[in-house]
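Have a look at the structure below before the remarks.
The values are calculated or read from the model by the stated rules, or taken from the named source; none is laboratory data. Every value quoted in this text rests on a predicted model; they were computed, and no experiment measured them. Here Cβ is always computed from backbone atoms with ideal geometry, including for glycine, and neighbour counts include all displayed protein chains. Heads up: the accessible areas ignore ligands, DNA and RNA and are worked out on the full protein's heavy atoms, side chains in. Shrake-Rupley method; radii C 1.70, N 1.55, O 1.52, S 1.80 Å.
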Amino acid sequence: MEASREANTRGSGERFAVRPAASFRSVVIGLVLTVLVDLWIHYAELVLGGRRGHTALANSSIPVGPFNVFFALLIVHILLKRFLPAAALSQAELLTIYVMMTVSSVLSSSGSLHFLIPSLVAPYQFATPESGWAETFHRYIPKWFTPRNPESIRAFYVGDSPVPWGDWLVPIVVWSAFLSVFAITTICLNSIMRRQWVDRERLSFPTVVLPAELMREQERFLKNKVLWVGFAIPFFLGTLNTISLNVPAVPQINFRTIDLSPNFTAKPWNAIGYFAISFYPFVIGIGYLLSAEVTFSCWFFYLMTKAQAVLGAVAGWRDPNAVGTLDYFPYVGHQGAGAFLAILAVSVWVGRGFLKEVWLSIAKAPGAVDDSREAISYRAAVGGTLLCFAVLTAFCVCAGMGFLPALVLLVLAVAFRMSATRLRAEAGNAWLFGPDVDANTLMTTTFGSAVFRPQDLTIMAFLRSISSYDLRTSSVPHQLDALKLADLVKADKRRLVKAMILAVVVGVAVSFCIALFVWYRYGAAAKTDVWRAYMGQQAFMLLKSQLDTPLKPNVTGTAFVGVGFLATVFLSLMRIRFVWWPFHPVGYAVANTHTMNQIWLPFFIAWLAKVLTLRYGGLRLYRQGLPFFLGLILGDFLAGGLWTLIGCFTNLSIYPMNW
């Protein structure tokens, strides 16, 4: 049912016409708020985070920055409904604004622009006679990739300087276009897979539950007393801990990560490595929304990776103090890479009937599925995917890569992100990491780095923003969430996807400029978070190492990629065949990433709470308790966002709620 043709009774009981998704005013508001969120992200994470702490505004599964702005907009909307109903926004308009902020502004942070931009100047800033970078790989860097003026590059790190726009104009256009085309590629792919994942497999999408409730229920949802009980706990803790950072006499209740590994120093227990506990309220809230099989499998398989490490040390396969092969077992990153690829492969296999229907639709053959209600027609989505892939491949080839390495890197990068999107739709990963054997690493460890030309490896170093395992600020999962939300509020998906593309294209370019302004004002090595500047340097340190000492193929690691792939296929088949099977392949895949390092205990708590609730109270008690856990998410996010915003205008130190 078209949103523009229906009336909707909401909250206060007043009845008024619902405007369609992506109305002109909602798009304008969405663009303006996207730019404001971008500015907030850059200042908070670069300046405030570098000195006094901050809540990460873009890195969690529900981005804190866009969510806080959306909640503030919702309060304004509720007031308008009461006092000026003709000016109130429809559900579809609220959706449009929220989606535009999430799919675009997440690209501003670490893993994307905060890593990409420093990588454009790092090859020159750190090209000293001692590093040998200039003579090793400078000749392979295209002139249109980066600024070259030494004074402009130095000012980027020192600060207190205006942005030399003339030196940056071409890189801004080139890289904004590249990231936009990559995002459009995945929008097309998500549009193809939406029906299979949303309608047929009915994935749980835990990260859309709270935004959807706020959009649909509004006042009625906010009047739930149980919600505010849950809200009060993390909001109080976040406020108390922020006060404690500024007034040491006030006690602090730490619910962030506490590393237990110093307690395991004797062999073989020291093989456990980093092992932390945490009590993130919002993660517990998200975990409660998942199936018990998923949460159980996540923490169970994570503990299994630690058990594997200990058993490996006992057997002599692992020495945590060694460098090289003995430090790899149990090849968690390689297992994770195989698991991620298997998740996508199994998904394609399970959906093969649907994909046949898509093909029939493209060919206009009898039996074709109706795609008139999809975000993009299947013919346009497949054509758009192929066209965007061609553009991305041409970009890499023009930069100096060979055709085959470029194609393999792009296919793997997209495959990892689509797999992560599928995983996020089932596990709600609080922070979305892929396996640390990412697309780039998988290529160099499988084939060895010697098979690639120096030009290939140099361009691959610049493409870490799409090939890194850090997927926290990937736009792809938010794109699929947007299509799920559109179904829930009965919004026009075709209008919505146009707004998404506009938000990405405009938002990335504007955010690029804002980031440059902040870095040139405060200095990447002076008054901002130097970790992000270091991440730009890290790829070229690895590049220099690979060019000086080429990697040999890691045969054992590649074998463990196969182990991860086959284990995931086995778990998937068992789950399909036997209803009683308790182990979920999603849990195995997520357990082999950095995500579970931080959240295994909150997932255990959520699993235990859900199991006990369903066992002793049934579905009725579960539903009655649901607002409490949504309140945990709401209170944690609003406390983190509010205090980070206050920190931007004061000298207060801020307690981070999500890292």
Exercise. Do you know which residues across segment 49-67 are surrounded by fewer than 23 Cβ atoms within 10 Å (Cβ to Cβ) and either assigned to a helix (DSSP H, G or I) or hydrophobic (A, V, I, L, M, F, W, C) (or both)?
Worked result: Gly50, Arg51
For this session: Among the numbered conditions (1) touching a residue at least 12 places away in the same chain (Cβ under 8 Å); (2) in contact with a Phe, Trp or Tyr (Cβ under 8 Å, 6 or more places away or on another chain), tell me where Met574 comes up short.
Result: (1)
Exercise. When both residues are 6+ apart or on different chains and their Cβ atoms are under 7 Å apart, which pairs have a first residue that lies in segment 469-496 and is in contact (Cβ under 8 Å) with a residue 12 or more places away in the chain and at positive phi, and a second that is open to solvent by less than 10 Å² (accessible area, probe 1.4 Å) and not acidic (Asp, Glu)?
Worked result: Lys490/Ala3
Seminar exercise, completed: Inside segment 570-594, the number of residues satisfying the requirement of being surrounded by fewer than 24 Cβ atoms within 10 Å (Cβ to Cβ) and in contact with a strand residue (DSSP E or B) (Cβ under 6 Å, 6 or more places away or on another chain) is 1
Seminar exercise, completed: Those residues of segment 41-89 that are of a type in the set (A, V, I, L, M, F, W, C) and touching a Cys at 6+ places or on another chain (Cβ under 9 Å) come to a total of 3
For this session: With respect to Leu551, determine if the residue is assigned to a helix (DSSP H, G or I) and more than 26 Å from the chain's Cα centre (by Cα).
Result: no
Problem set entry | Members of segment 203-248 that are of a type in the set (Phe, Trp, Tyr), touching a helix residue (DSSP H, G or I) at 6+ places or on another chain (Cβ under 6 Å) and under 17 Å from Trp643 (Cα atoms) | Phe231, Phe235
Exercise. Which residue pairs have Cβ atoms under 7 Å apart, sit 6 or more places apart or on different chains, and have a first residue in segment 326-347 that is within 19 Å of Val310 (Cβ to Cβ) and a second that is acidic (Asp, Glu)?
Worked result: Leu326/Asp319; Asp327/Asp319; Gly333/Asp436
Seminar exercise, completed: Within segment 310-346, residues buried (at least 20 other Cβ atoms within 10 Å of the Cβ), of a type in the set (Gly, Ala, Ser) and at pLDDT 90 or above come out as Gly333, Gly336, Ala337, Gly338, Ala339, Ala342
Problem set entry | Residues located in segment 74-101, provided they are open to solvent by 30 Å² or more (accessible area, probe 1.4 Å) and under 30 Å from Met657 (Cα atoms) | Ile75, Val76, Leu79
Problem set entry | Test: residue in segment 416-435 that is within 18 Å of Lys544 (Cβ to Cβ), in contact with a Lys or Arg (Cβ under 7 Å, 6 or more places away or on another chain) and at pLDDT below 95 | no
Exercise. For Thr295, all conditions in the list (1) in contact with a Leu (Cβ under 7 Å, 6 or more places away or on another chain); (2) at pLDDT 85 or above hold save one; what is the number of the exception?
Worked result: (1)
Exercise. How many of the residues in segment 614-659 are part of a helix (DSSP H, G or I), of a type in the set (Ser, Thr, Tyr) and surrounded by 24 or more Cβ atoms within 10 Å (Cβ to Cβ)?
Worked result: 1
For this session: Would you check if Val106 is at pLDDT below 95 and surrounded by 15 or more Cβ atoms within 10 Å (Cβ to Cβ)?
Result: yes
Exercise. Restricting to segment 231-282, what's the tally of residues that are touching a residue at least 40 places away in the same chain (Cβ under 8 Å), of a type in the set (Val, Ile, Thr), in a helix (DSSP H, G or I) and open to solvent by 40 Å² or more (accessible area, probe 1.4 Å)?
Worked result: 1
Exercise. If you check every pair at least six apart or on different chains, which have Cβ atoms under 6 Å apart with a residue in segment 349-370 that is hydroxyl-bearing (Ser, Thr, Tyr) first and a residue that is assigned to a helix (DSSP H, G or I) and at pLDDT 85 or above second?
Worked result: Ser361/Tyr378
Exercise. Does Ile192 satisfy the criteria of being over 30 Å from Ala427 (Cβ atoms) and touching a residue at least 24 places away in the same chain (Cβ under 8 Å)?
Worked result: no
Seminar exercise, completed: Given (1) closer than 16 Å to Met193 by Cα; (2) open to solvent by 10 Å² or more (accessible area, probe 1.4 Å), Gly351 misses just (2)
Exercise. Under 28 Å from Leu463 (Cβ atoms), assigned to a helix (DSSP H, G or I) and not β-branched (Val, Ile, Thr) - does that describe any residue in segment 564-585?
Worked result: yes
Exercise. Any idea which of (1) surrounded by fewer than 18 Cβ atoms within 10 Å (Cβ to Cβ); (2) closer than 27 Å to Ser90 by Cα; (3) touching a Leu at 6+ places or on another chain (Cβ under 7 Å) is the one Glu219 doesn't satisfy?
Worked result: (3)
For this session: Collect the residues in segment 488-530 that are under 21 Å from the mean Cα position of the chain (by Cα) and either open to solvent by 50 Å² or more (accessible area, probe 1.4 Å) or over 22 Å from His114 (Cβ atoms) (or both), keeping them in residue-number order.
Result: Leu496, Val497, Ala499, Ile501, Leu502, Val505, Val506
Exercise. Is there a residue being in contact (Cβ under 8 Å) with a residue 24 or more places away in the chain and within 22 Å of Glu45 (Cβ to Cβ) anywhere in segment 125-148?
Worked result: yes
Exercise. Residue check, Val170 against (1) aliphatic (A, V, I, L, M); (2) surrounded by fewer than 17 Cβ atoms within 10 Å (Cβ to Cβ); (3) modelled with pLDDT under 95, all met but one. Which one?
Worked result: (3)
Exercise. How many of the residues making up segment 442-481 are among the aliphatic types (A, V, I, L, M), within 22 Å of Phe178 (Cβ to Cβ) and in contact with a Lys or Arg (Cβ under 9 Å, 6 or more places away or on another chain)?
Worked result: 4
For this session: Return the residue satisfying two criteria in turn: it lies in segment 386-412 and is touching a residue at least 60 places away in the same chain (Cβ under 8 Å) and not in a loop (DSSP other than H, G, I, E, B), and of such residues it is most open to solvent (accessible area, probe 1.4 Å).
Result: Cys398
Exercise. Within segment 368-385, can you find the residues that are part of a helix (DSSP H, G or I) and either among the hydrophobic types (A, V, I, L, M, F, W, C) or open to solvent by 40 Å² or more (accessible area, probe 1.4 Å) (or both)?
Worked result: Arg379, Ala380, Ala381, Val382
Exercise. Does segment 112-121 include one or more residues that are over 30 Å from Leu36 (Cα atoms), touching a residue at least 24 places away in the same chain (Cβ under 8 Å) and open to solvent by less than 30 Å² (accessible area, probe 1.4 Å)?
Worked result: no
